[in-house]
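A.B. asks: Have a look at the structure that comes next, please.
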Amino acid sequence: MKHKVFSLINIIGLTIGLSASFVIGLIIYYDYTFDNFHKEGDRIYRIVTDFKSPEGEFHNSGVTLALKDAIIDNSNFETVTEFYINRPSKVENKSESLEFKWPNFVIYTSQDYFNIFNYNFLAGNSSAALLNPNNVVLTASRASEYFPKLAPDEIIGKTLVYNDSITAKVTGIVDNIKQRTDFVFEEFISYETLLQTERRQEVLDRVWNNTNSNSQLFVKLNQKADKKSVEKRLADLAFEHTDEESKKFGQSRQFKMQPLSDIHFNEDYGIYDWSQGQASKSLLKNLALVAIFLLLLGCVNFINLNTAQATQRAKEIGIRKTLGSSRKQLMGQFIGETFLLVLISSLLSLLLSKWLINEFSDFVPKGLSFELFKAPLVVTGIFILLFLVTLLSGFYPAFMLSKFNTVSVLNNEIVAGGNKAKLRKFLTVFQFTIAQVFIIATLLVGKQINYLLTRDMGFKTDAVVSVFSPRSEMEVSKKELYAQKLRAIPEIKNLSIGGNPPASFSTNSTNATFMDGEKEIQSNLQFIHGDTNYLDVFELNLLAGRTRRNDTIKELVVNETFARKIGFTNPTDAIGNNVILSDENVPIVG
């Protein structure tokens, strides 16, 4: 209370450092506790697919449907299960006249799924719920939507109708997973039921050269499994089933085992709830560094202020020593004072942390809340942090102040030693250097954000919206009728029936071959589908040639990158040449 300004500056500095550390620590704790509750989770792996070609590397979280049959008998596996993500357009509870459009998180899977992942069955036979076709297991929350008036036991045996034609009997209700998990599925339909959907032929054929991210494969190794042997077997299968055409053009595929603990962080393969941001280990490490530096700034600031205050407290120290205080007692007093300030700062930091989590809710994980501060590990971590900050901030000032000579102090003969001055200078330079690094980094990030917001993307984005039709609706005539109705709205200036916009996360690609005399040039060609009006809607400029004449003749309008890939530096020279797509010559017209 005697040195209010010094105390206030110390408290503010420590509060900022601690609050940032608390929130960042909470984010790290939150992300690193995903799916850590599964029994023997260190033996659970997702099989994923990596592709290599002269154009680069590509990653897919799915596998070919043929892979499961090829590895099911491998003695290294305790359990092998596959599931297929296939969202129905409609689900009906006809007994209650309830209809649900496009429910999320529906998968087709086998009984083995529940042998790998830990679910608590509230009703139904946990060991036989998905053994037969047309069986479905629901989570408690999904069951309460479909059957709002019934208890879990009463729902068993009830029926649901999928896509107007598939009838499924409810054979189990599982509790929603309470822990943090990326396995967000709410509906589990027996895998054989997939044969009654539009995916029937895909499931029956199980061809090796078809990889779909909806087709997921998980394995659980047995306790004595030889992981290297499994990896070798997967590599051999990938090589054996690579067709000659792919080998000819330097394309290869590899099946990899992705640990369960890696799913939450690996952006190459993604998570199952695409509406959630993917966690990043490198980002979390960088955030941890930011927290450490902010804490160091607060500690260095504390040390500098307390050592600068030394002359004001010199007589107090001298008198205390005269009255019999030992150096150990004085050090205890100064560290105690430091702890008091750190404690005040920590209480303020908790209040500030709550505000930060609410204020920056768009930038922190969706499920992160202030309630996580009650977790035993978090509480323990906070106490350890407070102890370290107290020690780091208080030890040097306490050591230096308690070292003063009593006679010299009482005679006003205090001279700061050269080594002490050097340390203070170093700490001051360190403090300002880190502060300037943060300021410069903030300016750079600001410029990057401004660049992202103002950069010309090469196509029109203002006043353009995408309206999506149901995925199961394939009839073009219905889309044309819908477009005709929309054209009647006077506020709509232009309209195109097409697929995704020019920039999209969705991809639709195939191998394309160009014959340059005797030389074959193969490239991966990504399609953007649209009618003859597509270029006008997005105001895409043609550098050469024309747009497609109509929507029935196969013609290509390509971009500069593809033209260069097949050997044309001048866009005009590419016009009129043919590209081979699925053994068919398709001309480049623009």
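The values are calculated or read from the model by the stated rules, or taken from the named source; none is laboratory data. Quantities reported herein were computed from a predicted structural model and do not represent experimental measurements. Here the Cβ is made from the backbone with ideal geometry for all residues, glycine too, and neighbour counts use every protein chain on show. What goes into the accessible areas is simple: the full protein's heavy atoms, side chains included, and nothing from ligands, DNA or RNA. Shrake-Rupley method; radii C 1.70, N 1.55, O 1.52, S 1.80 Å.
A.B. asks: Which one of these is open to solvent by 50 Å² or more (accessible area, probe 1.4 Å) and not polar (S, T, N, Q): ARG253, ARG200?
C.D. replies: Of ARG253, ARG200, the one residue that is open to solvent by 50 Å² or more (accessible area, probe 1.4 Å) and not polar (S, T, N, Q) is ARG200.
A.B. asks: Here's a check for you: in the range 92-106, which residue that is in a strand (DSSP E or B) and open to solvent by 70 Å² or more (accessible area, probe 1.4 Å) is modelled with the lowest pLDDT?
C.D. replies: Going through the qualifying residues, I end up with LYS101.
A.B. asks: A further question on this structure: Which of (1) open to solvent by less than 90 Å² (accessible area, probe 1.4 Å); (2) at pLDDT 80 or above does LEU388 not meet, given it meets every other one?
C.D. replies: Only one criterion is unmet by LEU388, namely (1).
A.B. asks: Could I ask something else about it? Could you check how many residues of the range 448-485 are open to solvent by 90 Å² or more (accessible area, probe 1.4 Å), among the charged types (D, E, K, R) and either under 28 Å from GLU198 (Cβ atoms) or not in a loop (DSSP other than H, G, I, E, B) (or both)?
C.D. replies: Selection size over the range 448-485: 5.
A.B. asks: Restricting to the range 50-91, name every residue that is assigned to a loop (DSSP other than H, G, I, E, B), hydroxyl-bearing (Ser, Thr, Tyr) and open to solvent by less than 70 Å² (accessible area, probe 1.4 Å).
C.D. replies: SER61, THR64, SER89
A.B. asks: Oh, and also: Applying the selection to the range 553-590, what residues are of a type in the set (Asp, Glu) and assigned to a loop (DSSP other than H, G, I, E, B)?
C.D. replies: Of everything in the range 553-590, those that are of a type in the set (Asp, Glu) and assigned to a loop (DSSP other than H, G, I, E, B) turn out to be GLU555, ASP583.
A.B. asks: May I pose another question? Check THR181, THR167, THR197 and return the single one that is within 30 Å of GLU473 (Cα to Cα) and touching a residue at least 40 places away in the same chain (Cβ under 8 Å).
C.D. replies: Within the list THR181, THR167, THR197, the selection yields THR197.
A.B. asks: Would you mention how many residues in the range 297-346 are open to solvent by 30 Å² or more (accessible area, probe 1.4 Å), among the polar types (S, T, N, Q) and part of a helix (DSSP H, G or I)?
C.D. replies: Looking only at that region, the number is 6.
A.B. asks: Go through (1) assigned to a helix (DSSP H, G or I); (2) open to solvent by less than 60 Å² (accessible area, probe 1.4 Å) for ASN358 and report which single condition fails.
C.D. replies: For ASN358, the exception is condition (2).
A.B. asks: Return the pairs, sorted by first residue and then second, in which the second residue is at pLDDT 85 or above, the first residue lies in the range 515-528 and is small (Gly, Ala, Ser), the beta carbons are less than 7 Å apart, and the residues are 6+ apart or on different chains.
C.D. replies: Partner pairs satisfying both residue conditions: SER523/ALA512; SER523/PHE562; SER523/LYS565; SER523/ILE566.
A.B. asks: Oh, and also: Suppose the filter is within 28 Å of PHE58 (Cα to Cα) and of a type in the set (Val, Ile, Thr); does VAL537 pass it?
C.D. replies: For VAL537, the condition - within 28 Å of PHE58 (Cα to Cα) and of a type in the set (Val, Ile, Thr) - is not met.
A.B. asks: Take the conditions aromatic (Phe, Trp, Tyr) and farther than 27 Å from SER477 by Cα and apply them to PHE514. Does it pass?
C.D. replies: Considered against the rule, which asks whether it is aromatic (Phe, Trp, Tyr) and farther than 27 Å from SER477 by Cα, PHE514 comes out as yes.
A.B. asks: Among the candidates SER261, SER275, which residue alone is assigned to a loop (DSSP other than H, G, I, E, B), among the hydroxyl-bearing types (Ser, Thr, Tyr) and open to solvent by 60 Å² or more (accessible area, probe 1.4 Å)?
C.D. replies: Only one candidate qualifies: SER275.
A.B. asks: Of the residues that make up the range 501-521, is at least one part of a strand (DSSP E or B) and in contact with a Lys or Arg (Cβ under 8 Å, 6 or more places away or on another chain)?
C.D. replies: Scanning the range 501-521 turns up at least one residue that is part of a strand (DSSP E or B) and in contact with a Lys or Arg (Cβ under 8 Å, 6 or more places away or on another chain).
A.B. asks: Which one is farthest from the chain's Cα centre (by Cα), of the residues in the range 120-161 that are surrounded by 20 or more Cβ atoms within 10 Å (Cβ to Cβ) and of a type in the set (Ser, Thr, Tyr)?
C.D. replies: Within the range 120-161, the match that is farthest from the chain's Cα centre (by Cα) is TYR146.
A.B. asks: State whether the residues of the range 500-520 include one that is out of contact with any strand residue (DSSP E or B) (no Cβ under 8 Å at 6 or more places or on another chain) and at pLDDT 90 or above.
C.D. replies: No; the residues of the range 500-520 include none that is out of contact with any strand residue (DSSP E or B) (no Cβ under 8 Å at 6 or more places or on another chain) and at pLDDT 90 or above.
A.B. asks: Could you check, for the range 510-525, whether at least one of its residues is within 32 Å of the chain's Cα centre (by Cα), closer than 30 Å to GLY270 by Cα, of a type in the set (Val, Ile, Thr) and open to solvent by 70 Å² or more (accessible area, probe 1.4 Å)?
C.D. replies: no
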